[in-house]
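Novice: Before anything else, here's the structure in question.
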Amino acid sequence: MGIWKHSSALKRSTAAVSLLCVGALVLAACSSTSSSSAASSSASSSSSSAASSAAPTKSPVTVALIDPLTGPFGFFGQYVKNSLQLEVNLLNQHGGLLGHKVVLQAYDDKLDPQTTVQVATQVADNPNVDLVVGPDITSFFDAAKGIMAKANKLECEVAIDSDTGLQGQPYAFNMNPDNKVVVETLLNYLKNN
């Protein structure tokens with residue numbers, strides 16, 4: 001079953017990644033001590049337009065999305081980006097995540113493996129990124145996975161083929177694994193960071 005052919009699978013994927021990202025964000029925020037910085041010119045920063053009466057005052061929690069945002073499969077990346085932005089907006093409207101404003105930075109890998117590696121390197125080198133969503137196509141994830149592991153980035157995958165591709169990736173989890181895999185990954189991340 002291809003994710004591109006079945007819109008119900010795509011909708012479930014987006015809902016699941018949103019829920020997992022919120023949980024991962026809570027854990028990242030608990031251990032985050034990063035400070036705010038300007039987003040790279042190749043990233044599009046998104047922030048909530050709604051003001052909150054309980055405005056966050058701590059350093060932001062930054063989520064980086066790496067997906068195709070343009071081209072023939074740009075709709076998928078845009079769909080994930082829009083879903084994540086809705087969750088970010090809701091969190092920020094309620095005072096952020098444990099007092100931290102949440103910021104989404106979207107990076108277009110243009111459905112090109114070389115661009116994916118370049119973007120993944122840029123995201124991995126950014127100390128302000130707390131959670132990475134994507135890259136979400138198995139071959140693109142494979143091209144970039146060593147970069148994220150070396151940088152100790154917590155990484156949520158939306159559409160990779162199976163959990164076997166995550167072997168050797170201590171801080172990466174698939175959006176549809178069994179709960180044991182998610183819990184072990186998140187606890188391993190918190191223990192070591």
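We did not get these values from a lab; they are worked out from the coordinates using the rules stated. A quick note: this is a predicted structure, and the numbers were derived from the prediction, not measured. All Cβ positions, even for glycine, are placed from backbone atoms using ideal geometry, and neighbour counts span all protein chains on display.
Novice: What FRET efficiency comes out for GLN114 versus GLN167 if R0 is 30 angstrom and r is the Cβ-Cβ distance? Round to the nearest 0.05.
Specialist: 0.80
Novice: What does the extension gain come out to for LEU187 and THR138, with contour length at 0.36 nm per residue minus their alpha carbon separation?
Specialist: Working it through step by step, the gained length comes to 15.2 nm.
Novice: Okay, moving on. Using amide H atoms built 1.01 Å from N in the peptide plane, name the residues 5+ places from TYR171, or on other chains, whose amide H lies under 5 Å from its own.
Specialist: It is none; the list stays empty.
Novice: While we're on this one: For ASP67, what residues show an amide H to amide H distance below 5 Å, using hydrogens built from the backbone and excluding near sequence neighbours?
Specialist: Long-range HN contacts for ASP67: TYR107, ASP109.
Novice: With +1 on the Cβ of every Lys and Arg and -1 on the Cβ of every Asp and Glu, and nothing else charged, how large is the dipole of segment 66-167 about its Cα centre, in debye rounded to the nearest 20?
Specialist: Result for segment 66-167 is approximately 300 debye, rounded to the nearest 20.
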